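Report on the following structure.
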Amino acid sequence: MKTGKTAQTIAAANGIASDAAFGAVTPPIYLSTTYRFPGFKNPGSYEYSRMSNPTRDQLADTLAQLEGGCGAVITATGMAAVDLLLATLDRGQLVVAPHDCYGGTHRLLSLRAAKGHFDVAFVDQNSEAELTAVLGRRPALVLIESPSNPLLRVTDIARVAERSKAVGAKVAVDNTFLSPALQQPLALGADFAIHSTTKYLNGHSDVVGGAVIAADPQDLKGLEEWANATGITGAPFDAYLTLRGLRTLFPRLEHQQRNASAVADFLDRHSCVDAVHYPGLPSHPGHATAVRQQRGFGAMVSFNVKGGTDGARRFVEAVKLFTLAESLGGVESLVAHPATMTHASMDAEARRVAGIDDSLLRLSVGLEGEADLLADLDQALQSVASLPDRAAP
């Protein structure tokens, strides 16, 4: 969907001053569950809010424009957005997913595969051997997460999409970590962009939601039918809040990225940190790919702290400005311990294969002052300075 407007203008102004009833500048919220039929066998533009709703449609239209898609389906949660895509698969078809994907996605795929809804293969999509082998099985859907959660590995979306489509697979990219402000998967060859709108799109940690943006009208139609049939569409008030948050997406991310870059540089030089995972660092294995396919490096940083489990525990108990909590993308800075929080549903072997060990911490860097964030990290890391390099788990 091309409008000729810049992405910043679309985010800030799409739908503004479009109210035909009273001339409201901000688009109104339509909370009605049902809509009047003008006549017998003559429905209007809207019938029932599970099927469609003006407020939800306004958010869908904005996201579709930002991602360059033909339309979008707004769901009640980010996991519902992933599940909506999975609902289009048939028994026996294969889904290819990253070996280091978000723990909730890993859990959902594993549970549905165990029930026989489809087959799933978790592979390192940056491994030429693994990718070639799994594409030889002719998958129906290839799910990409770039940067990955929580290790921020970068996948060459255009390369994987081209190779996947050559064997007849649809390609979906979870774009939650970057948002369309920093990356547009459809322009890189993907068929779908997925979001947990809970994160950067809303940006204020007060709404749970999801979205799937499609490149092809036929794919979109299928998703809309499934969403209506299963009732996983998002609530109008949640859509309104998400759209309100979306208005400030670009300036929020600009500031958060600056903070994240400073945090990554600080951690990279600190003696109590074993490794830093941030695509903006030239030493990151995916840095060159990130430069090519992204418009920025995002505001997520993960790192391995000295001292293993004990070091991680000491750090999260010492921070004052970073809050120990799940989720990400809000205006406030958060810290999570993936092994016991966001990825706890993965078994120990799956976490080992993915590289998620007990020393790994994930930061969602917010809008606070840079100096304050660095000072908080510094004082928290001092609490682990006396530990050996690797404490016993």
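The values are calculated or read from the model by the stated rules, or taken from the named source; none is laboratory data. These figures come from a predicted structure and were not determined experimentally. All Cβ positions, glycine included, derive from the backbone under ideal geometry; neighbour counts span all protein chains shown.
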For this session: Scan segment 14-30 for residues that are surrounded by 10 or more Cβ atoms within 10 Å (Cβ to Cβ) and at negative phi and report the count.
Result: 10
Seminar exercise, completed: Here the residues within segment 120-139 that are surrounded by 18 or more Cβ atoms within 10 Å (Cβ to Cβ) and farther than 30 Å from residue 278 by Cβ are 139
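Yes/no per residue for (1) outside any loop (DSSP other than H, G, I, E, B); (2) basic (Lys, Arg); (3) free of Cβ contacts under 8 Å to residues at least 24 places away in the same chain; (4) crowded, with 23+ Cβ neighbours inside 10 Å:
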{"residue": "190", "(1), (2), (3), (4)": "no, no, no, yes"}
{"residue": "193", "(1), (2), (3), (4)": "yes, no, no, yes"}
{"residue": "198", "(1), (2), (3), (4)": "no, no, no, yes"}
{"residue": "202", "(1), (2), (3), (4)": "no, no, no, yes"}
{"residue": "207", "(1), (2), (3), (4)": "no, no, no, no"}
{"residue": "212", "(1), (2), (3), (4)": "yes, no, no, yes"}
{"residue": "220", "(1), (2), (3), (4)": "yes, no, no, no"}
{"residue": "224", "(1), (2), (3), (4)": "yes, no, no, no"}
{"residue": "227", "(1), (2), (3), (4)": "yes, no, no, yes"}
Exercise. Could you say which residue among 95, 82, 73 is over 16 Å from residue 175 (Cβ atoms), aliphatic (A, V, I, L, M), assigned by TED's automatic domain parsing to the domain that holds residue 181 and at pLDDT 95 or above?
Worked result: 95
Exercise. Is it the case that some residue within segment 289-310 is of a type outside the set (Ser, Thr, Tyr), crowded, with 16+ Cβ neighbours inside 10 Å, assigned to a helix (DSSP H, G or I) and within 22 Å of the chain's Cα centre (by Cα)?
Worked result: yes
Exercise. Would you pick out the residues in segment 344-386 that are in a helix (DSSP H, G or I) and among the small types (Gly, Ala, Ser)?
Worked result: 348, 350, 354, 371, 375, 380
Exercise. From 152, 186, which residue is in contact (Cβ under 8 Å) with a residue 60 or more places away in the chain, in a loop (DSSP other than H, G, I, E, B) and farther than 13 Å from residue 82 by Cβ?
Worked result: 152
Exercise. Does segment 358-367 contain at least one residue that is at pLDDT 95 or above, surrounded by fewer than 23 Cβ atoms within 10 Å (Cβ to Cβ) and over 25 Å from residue 153 (Cα atoms)?
Worked result: no
Exercise. Which of the residues that make up segment 102-121 are touching a residue at least 40 places away in the same chain (Cβ under 8 Å) and in contact with a Leu (Cβ under 8 Å, 6 or more places away or on another chain)?
Worked result: 105
Exercise. Of all residues in segment 269-283 being touching a strand residue (DSSP E or B) at 6+ places or on another chain (Cβ under 7 Å) and assigned to a loop (DSSP other than H, G, I, E, B), which is surrounded by the most Cβ atoms within 10 Å (Cβ to Cβ)?
Worked result: 278
For this session: Taking the options 45, 49, 18, name whichever one is over 20 Å from the mean Cα position of the chain (by Cα) and in contact (Cβ under 8 Å) with a residue 40 or more places away in the chain.
Result: 49
Exercise. Would it be correct to say that residue 370 is free of Cβ contacts under 8 Å to residues at least 40 places away in the same chain, among the acidic types (Asp, Glu) and in the same structural domain as residue 320 (by TED's automatic domain parsing)?
Worked result: no
Problem set entry | Cross-chain or 6+ apart pairs with Cβ under 7 Å, segment 296-320 first and closer than 17 Å to residue 271 by Cα, then of a type in the set (Gly, Ala, Ser) and part of a strand (DSSP E or B) | 303/275; 304/275
